[in-house]
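Student: The structure that follows is given in the form of structure tokens.
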Amino acid sequence: MEQKIPSYIKATYILLGIIALSIILYYGQSIIVPLIGSLLIAILLNPVVNILTKIRINRVIGISIILTIFTAIFILIILLLTNQFSSFVNSLPILIDKFYQTLNKSVLSISSRFSISTDTINNFIEESKVDLITTTKSLIGPTISSIGGVLFTFLLIPVYVFLILYYKKLLLDFIKNIFGKENKTEVNKILNSTKLIVQRYLVALIFEAIIIAILNISALLILDVQYAIIVGIIGALLNMIPYIGGIVSTAIPMAIVLATKDSFNYTFYVLIAYLIIQFIDNNLVLPKLVASRVSVNALISVIVVIIGGEIWGVTGMFLSIPLTAICKTIFDNVKSLKPLGLLLGDNE
């Protein structure tokens, strides 16, 4: 007679498994993150490769053509933004200085309104300014040392994508053989569902980023905000991080306006413009393009974004939602895991 394992033993195993997985994900991020990113890109590009093979173009040549076009577009975008970004980075010390000058002008008003000593406020501002400069300097060394790693990863991703697309059939057969012939139908269903979710989600996310970038840039140009193009694009990219990104993307142009404009009215105008853009995104763009592709509830979305940020940084925030959607697809199609799929879903 088979002995039943006590529930507290199962819970311990699950907890230890989660801890072990977290450690592996954290310390193996230099290998795992590029692989996951490459896999998502490969899934996105796979339909185009299939079209080329259907018109009798050799698969290797077809993959090479698609990857060359994809890489060329990415490099072109980087080159177009480099000039603005370089100018923006070089002017950051000036913007910070102007920002604190604006704060100094506000000291008397705050002091009289809240009965706080001006010396106390000035000391706090001076200490925070020194801390900001010290922190910025301390980040320069690690940033420079990490450039080589970033470039190496950037060179690896096209290689990974090429190999994943080339060995697609082998990889799929391997997955199917792991779970056996008796589970072939369920495995095929999960793989097809995962492929569709990733493709639709990434395409929708790209279109959302383009729409938000256009709206951001238009609003900032109308308000005559410096570095409107680069700030608008950064805001659109940050907006791709659920919930948290929208707040940060709004704070950046407000800080720039506060540092470069004499009137506080412009800061208010930027806030109103971005609130309108967020309203359009949350009520029109997001539900139509993105939310309909991934049915993960808001609570789980926030939690996985925070966990992704803690484990893999900003990259983890971007990857958290599609990975959670893939997990939900697997849970929904495995009988014993359906309660977890229900927990992740947004069905009321």
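Student: Given segment 184-280, what whole percent of its Cα pairs are spread farther than 22 Å? Working shown, then result.
Tutor: Numbers: 1733 of 4656 pairs.
That fraction is 37 percent.
Student: At a Förster distance of 45 Å, what's the computed FRET efficiency of I23 paired with L223, Cβ-Cβ distance as r, to 0.05? Let's see the in-between values first.
Tutor: Numbers: r = 47 Å, r/R0 = 1.05.
For I23 and L223, the calculated efficiency is 0.45.
Student: Right, another one. Could you work out how far apart the two model spin labels at I280 and T185 are, taking each label as a point 7 Å from the Cα in the direction of the beta carbon, and quote it in nm?
Tutor: Between I280 and T185, the label points sit 4.8 nm apart.
Student: As a quick test, which of the pairs K169/K335; K54/K189; K189/K338; K169/K328; K54/K169; K168/K195 have an alpha carbon distance above 20 angstrom in this structure? Present the calculation step by step, with values, prior to reporting the outcome.
Tutor: Values: K169/K335 27 Å; K54/K189 23 Å; K189/K338 15 Å; K169/K328 24 Å; K54/K169 16 Å; K168/K195 12 Å.
Those over the limit are K169/K335; K54/K189; K169/K328.
Student: Ranked highest first by average number of other Cβ atoms within 10 Å, how do 18-29, 230-241, 200-211 line up? Intermediate results must be reported in sequence, preceding the final value.
Tutor: Details: 18-29: 11.9, 230-241: 21.8, 200-211: 16.8.
Ranked from most to least packed, the peptides come out as 230-241, 200-211, 18-29.
Student: Please find the FRET efficiency linking L170 to A255, where r is the Cβ-Cβ separation and R0 is fixed at 51 Å, and quote it to the nearest 0.05.
Tutor: On the way: r = 51 Å, r/R0 = 0.99.
My answer for the efficiency is 0.50.
Computed from the coordinates by the stated procedures, all read-outs in this text should not be read as laboratory data. As the structure is a prediction and not an experimental result, all values here were calculated from the model. As a convention, Cβ positions derive from the backbone with ideal geometry for all residues, glycine included, and neighbour counts pool all protein chains shown.
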